[in-house]
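Undergrad: Once you've had a glance at the structure underneath, I'll fire off some questions.
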Amino acid sequence: MANSRTPVPRDALRTLLAGNQRFVSGVPEHPNQDAERRAALAPVQHPFAVLFGCSDSRLAAEIIFDRGLGDLFVVRTAGHVAGPEVLGSIEYGVSVLDCRLVVVLGHDSCGAVAAARAALEDGPPAPGYVRDVVERVTPSVLAARAAGIDDPDGIVDEHIRNTVDLLLDRSRVLADEVAAGRAAVVGLSYRLADGSARLVAARGLEEDVLAGAVPAASHPGTDAGAA
């Protein structure tokens, strides 16, 4: 479902980060949240980005990025772990709804990451299907350890980067769109205390674009590069 109004990936990222800055500053505009917008969207939707985030109740995407109805195609799981249903939903957003940007949104103090760390330290096993979530996060924790990363925020960043790479490794649809320059995948880390979203990974965006979208001084350690 092609949509001529869909912004290119760099503009979609800039729109999200500008909205986050308004949220952090306490001056949100609350766009696209009125009755007129609701009525206009009833026949069809044209979101400009897919937001794949953690299910944490403090990560309400439309609020922290100051967006409204029809702006974001949101997929959420605990620890932003990705199974077939998640991959299918993201591919739907990209191939059917024509979203040009996919955002992986993690956050500090992530319970899934903490549970994976505890499991590796011989903590009590997670109950029921929570164990499946923990097992899917564990490779990120192990990768962080192998890289000498032991602080909690650094491990979360590694999990976000691994999720970005996993999406591209497992979804041929998404990988082809990024390789063709039609889409991009970025990873953001959200700080619960101040509400800011920090860029930690990007695939399909050039470094000069990222420099224009995100001040480098306030976002150190970004793993930026085209796929």
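Undergrad: Determine how many Å³ per residue the convex hull of the Cα atoms of the stretch 58-98 encloses.
TA: Cα convex hull per residue, to the nearest whole number: 71 Å³.
Undergrad: Right, next: With every protein chain present, what is the per residue accessible area of the chain (1.4 Å probe, Å²)?
TA: Dividing the accessible area of the chain by its residue count gives 47 Å².
Undergrad: Moving on. What are the equivalent ellipsoid semi-axes of the stretch 1-114, built from the alpha-carbon gyration tensor (square roots of five times its eigenvalues), in whole angstrom, biggest first?
TA: In descending order the semi-axes read 22, 19, 13 Å.
Undergrad: Would you work out which of P139, A78, P47 lies farthest towards the positive end of the dipole of the stretch 8-148, given +1 charges on the beta-carbon of Lys and Arg and -1 on that of Asp and Glu, about the Cα centre?
TA: Comparing the listed Cα positions along the dipole, P139 ranks first.
Undergrad: Could you work out the mean projected area of the convex hull around the alpha carbons of the chain, in square nanometres to one decimal?
TA: Numbers: hull surface 51.4 nm².
If you wrap the Cα atoms of the chain in a convex hull and average its projections, you get 12.8 nm².
Undergrad: Pick out which of A12, A60, A42 has the largest mean-square fluctuation in a Gaussian network model of the chain, springs linking Cα atoms closer than 10 Å.
TA: A42
Undergrad: Further question on the same structure: Over the stretch 84-201, what number does the Rg to Rh ratio reach, with both radii from the alpha-carbon atoms and Rh per Kirkwood?
TA: 1.00
The values are calculated or read from the model by the stated rules, or taken from the named source; none is laboratory data. From a predicted model like this one, the values you see are computed outputs, not experimental measurements. Neighbour counts run over all protein chains shown; Cβ positions are idealised from the backbone, glycine included. To get the accessible areas, we keep the full protein, side chains included, count just its heavy atoms, and leave off ligands, DNA and RNA. Shrake-Rupley method; radii C 1.70, N 1.55, O 1.52, S 1.80 Å.
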